[in-house]
Structure formats: structure tokens, C-alpha cells
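S.K.: To start, I am sharing the structure in question, which I have written as C-alpha cells.
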Amino acid sequence: GYLQQDPQSKKYQLGMRLFELGGIVFSSFSLRQAASYPMTRLQGESGATVLLGVNMDDQLVYVDKREGKGMIRVSSEVGWRRPLNYGMLGMVLMSSLDPQDVKRVLKKYPLKPYTPLSITDTDAFSLRLEQIRDQGYVLEKEEAVEGVLGVAAPVRDHSRQVAAALGIALPMGQRRLSKELDRIIDLVKKACEDISSDLGYLKI
């Protein structure tokens, strides 16, 4: 689909696939621009690593990041790809899919035990996605990376569809973490709301 050949002249022209890719790149730039300040503010308020990811071809692709201040570094760099069911961002993105698409993605990328706490049962995973849809965020404790807690929520665009997932990764060993969780969840949700608003999402 990248090139199309005219059957009469035998000449080639650009195919629709290139226009689709151009649209993805444009939307990615728009998303990163809208997310830039809220991500920086969130990193400053939480001290945590902030990650922004999108669903591209049934994979989680990291499109932006703010590095945390702590000793623990989360090994996710801009441009990296992972299975769509991976971690907090992946679960948020998958929670926006239809049940049939969830089954298709899980068949393509079966659940893996990244840590002893990873969900590997498809029924339990489906229930987790339903919970994320209901509460509007995910709280993930050492399911993707041992010693790391994640909080993530969806970013929506003008069409009211989930355009991305934004999350923060915190070391589990922090003393006041349990007392700070509600505040951290609110900070993540606020950042997502601000990005969504800049992308044209109307909360009505």
C-alpha cells in the first residue's frame, strides 16, 4: 500500500499507506505538544517518571517521557515498542477496545509473567480492563516491573476516543506512598484532563 501503479501508464504514485503514516506522525506531534507542559508539571509535582504511550498497530509505543528524580529508572524510552497488554499504559489503552479486539490482541500477544504479580489469566485480565473503564484509571503494583508502582489514565481527543495513556512510575519503597496515593491519582487524572482538553475533548 505504500506505492500504487497506474495500470495504463505503468507509472507509480504514492499509496494510501503513506498518507496514513503521515496522519499518525502529525497526530503524534500534536499529542506531544499538548502533553508537554502537563507532563513536566506532573513530574515536578510527583518526582516520578512520567510516560506517554499510544496504540500503534496493536503495540504500545512510548512517544514521550519525563525522567524521575529517584534512584529507580524505568527502562522505557521514546520509540520503544511493547505488547499492547504490557504494564499500566497498555492496560489503559486496551480498556478502550471492544471485547473482540481485546481477544484478537491477546491472541496475537499472549499475556506474559513479567513479574510474579503479572496477570496471566485472560479472564482475570478482562475483569481488570472492566475495572479500569469503570474507575477511569489503573493502579498497578509490580505487575510489569518489580519494585515499581504505576498509576495511569486515558487521554481523549476531540472524537472522545482514547488517543493515548499517561502514567507515572514510582518506587514501592517510599515511606509515605500509601498516604500519597489518592493525591498521586488525582495528579495523573488532572494531567490527562488537561491534555485531553488541549486535544479538543469536551467533557459533556
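The values are calculated or read from the model by the stated rules, or taken from the named source; none is laboratory data. It should be emphasised that the depicted structure is a prediction, and the values quoted were computed from it without experimental measurement. When we count neighbours, we look across all protein chains shown, and the Cβ atoms used for this are built from the backbone with ideal geometry, even at glycine. Areas reflect the complete protein model, heavy atoms only, side chains present, ligands, DNA and RNA absent. Shrake-Rupley method; radii C 1.70, N 1.55, O 1.52, S 1.80 Å.
S.K.: Tell me yes or no: at least one residue of region 147-166 is modelled with pLDDT under 90, over 17 Å from Leu42 (Cβ atoms), open to solvent by less than 90 Å² (accessible area, probe 1.4 Å) and touching a Phe, Trp or Tyr at 6+ places or on another chain (Cβ under 8 Å).
M.R.: Yes, region 147-166 contains a residue that is modelled with pLDDT under 90, over 17 Å from Leu42 (Cβ atoms), open to solvent by less than 90 Å² (accessible area, probe 1.4 Å) and touching a Phe, Trp or Tyr at 6+ places or on another chain (Cβ under 8 Å).
S.K.: Residues in region 164-172: is at least one over 20 Å from Leu52 (Cα atoms) and in contact (Cβ under 8 Å) with a residue 24 or more places away in the chain?
M.R.: So far as region 164-172 goes, yes, one or more of its residues are over 20 Å from Leu52 (Cα atoms) and in contact (Cβ under 8 Å) with a residue 24 or more places away in the chain.
S.K.: Looking at region 182-204, which of the residues that are surrounded by fewer than 20 Cβ atoms within 10 Å (Cβ to Cβ) and among the small types (Gly, Ala, Ser) is nearest to Met39 (Cα to Cα)?
M.R.: Ranking the candidates gives Ser197 first.
S.K.: Ok, one more. Looking at (1) assigned to a strand (DSSP E or B); (2) surrounded by fewer than 21 Cβ atoms within 10 Å (Cβ to Cβ), which one does Lys179 not meet, given that it meets all the others?
M.R.: If we test Lys179 against (1) assigned to a strand (DSSP E or B); (2) surrounded by fewer than 21 Cβ atoms within 10 Å (Cβ to Cβ), just (1) comes out false.
S.K.: Continuing with this model, one more query. Looking only at region 131-169, count every residue that is under 16 Å from the mean Cα position of the chain (by Cα), hydrophobic (A, V, I, L, M, F, W, C) and under 21 Å from Lys69 (Cα atoms) and tell me the total.
M.R.: Residues in region 131-169 being under 16 Å from the mean Cα position of the chain (by Cα), hydrophobic (A, V, I, L, M, F, W, C) and under 21 Å from Lys69 (Cα atoms): 9 in total.
S.K.: Among the residues of region 105-124, what is the count of those that are outside any loop (DSSP other than H, G, I, E, B) and farther than 17 Å from Gln59 by Cβ?
M.R.: Final tally of qualifying residues: 3.
S.K.: Determine whether region 48-59 contains at least one residue that is assigned to a helix (DSSP H, G or I), modelled with pLDDT of 60 or more and open to solvent by 40 Å² or more (accessible area, probe 1.4 Å).
M.R.: No, there is no match, as no residue in region 48-59 is assigned to a helix (DSSP H, G or I), modelled with pLDDT of 60 or more and open to solvent by 40 Å² or more (accessible area, probe 1.4 Å).
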